[in-house]
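Shown next, in structure tokens, is the structure this report addresses.
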Amino acid sequence: MDEMSNPESVENYLEFLKNSIAQGSNNVFTMNSRSATDFNNVIHNLDFSNYVDSADYHYFISRILFLSHLPHFSYFCAYQCIENYLKGFIKFHSATPPQSHDLNYLLSICKNLDKDPNSFINGDHIETILIIYQAFYETPRYPAGKKFPGKGSFIFPFDIFILDYFVFKMKELLPIPQKQRSILEHNHYLLDLCMRKSPMIYNLFLINNMNYQ
């Protein structure tokens, strides 16, 4: 990486990438788009486990950021984790998740689908968890937003255990198919390189994590 530590080297690399784009090479991501109909069809056909995969990836990022003392974006990733788990729960119950990011709205749908009045979904703890994280959907991404956190503080490291608990309870409700790759089996498809190339970062995710006791 040392050879890329000066502006001229990066400029040469950008010229290489510019030529790659012109030639249609696949070493640069390009933007594709779906029509509203196609997008709705994709959402309709997704399996609940696709949402769990996304949720677990954000869970991983949230935990290592928090334990690295980067809590604001950790909380944003926690928000994404919770949103995807709630949408996965909706999909698990054969309903199509709405195109909404509102955690309280998503939880209300989950409550209507869950017939067990004593379940985690219908309990008080999940509502408290949503209150803790819902203020951080916009804040870490922009210098100003319409909604932002008021008074409050992060308690290190205890606050990350709340997200651990949320994931622990959701995994009790959403059993991943036996042969499918899972973060619990250390073979999540987006974390393989991190596990092999950056074991210190990966192991940070495991420290005092109730999901791996």
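Just the protein heavy atoms count here, and of the accessible area of the chain at 1.4 Å, carbon and sulfur take up 56 percent. With a simple spin-label model that places each label point 7 Å from the Cα along the Cα-to-Cβ direction, the separation between Ser33 and His72 comes to 3.1 nm.
Note on the chain: with a GNM built from Cα contacts shorter than 10 Å, the maximum mean-square fluctuation among Asn187, Asn112, Asn12 falls on Asn12. Distance from the Cα centroid of the stretch 126-152 to that of the stretch 16-41 is 33 Å (rounded to whole angstrom). The candidate values are (1) 22.6, 84; (2) 19.7, 63; (3) 16.6, 54; the one derived from this structure for Rg and Dmax of the Cα atoms in Å carries the label (2). For the stretch 1-137, the solvent-accessible area with a 1.4 angstrom probe is 59 square angstrom per residue.
Only helices reaching 20 angstrom along their own axis (Cα) with mean Kyte-Doolittle hydropathy no lower than -0.5 count here, and for the DSSP H runs of the chain these are 7-22, 48-66, 71-92, 158-173. The value given for the stretch 22-85 is a Kirkwood hydrodynamic radius of 14.0 Å, derived from the mean inverse Cα-Cα separation. Note on the stretch 89-213: Kirkwood radius taken over Cα pairs, Stokes-Einstein applied at 4 °C and 1.567 mPa s, translational D equal to 76 µm² s⁻¹. The relative contact order of the stretch 68-213 comes to 22 percent, based on Cα pairs under 8 Å that sit 6 or more residues apart. Near Tyr189: Cβ cut-off under 11 Å, other residues only, Lys/Arg at +1 and Asp/Glu at -1. The net charge is -2.
Taking Lys and Arg as +1 and Asp and Glu as -1, the other residues whose beta-carbon sits under 15 Å from that of Leu70 total +1. The His125 and Met4 beta-carbon pair, evaluated with R₀ = 30 Å, returns a calculated FRET efficiency of approximately 0.05.
Once you reduce the stretch 43-86 and the stretch 88-114 to the center of their Cα atoms, the two points are 16 Å from each other.
Dividing the alpha-carbon radius of gyration of the stretch 57-147 by the rule-of-thumb value 2.2 N^0.38 Å gives 1.14.
The values are calculated or read from the model by the stated rules, or taken from the named source; none is laboratory data. Please read all numbers here as calculations on a predicted model, not as lab measurements. Heads up, the Cβs are rebuilt from the backbone with ideal geometry, glycines too, and the neighbour counts pull from every protein chain shown. Heavy atoms of the whole protein, side chains included, go into the accessibility calculation; ligands, DNA and RNA do not. Shrake-Rupley method; radii C 1.70, N 1.55, O 1.52, S 1.80 Å.
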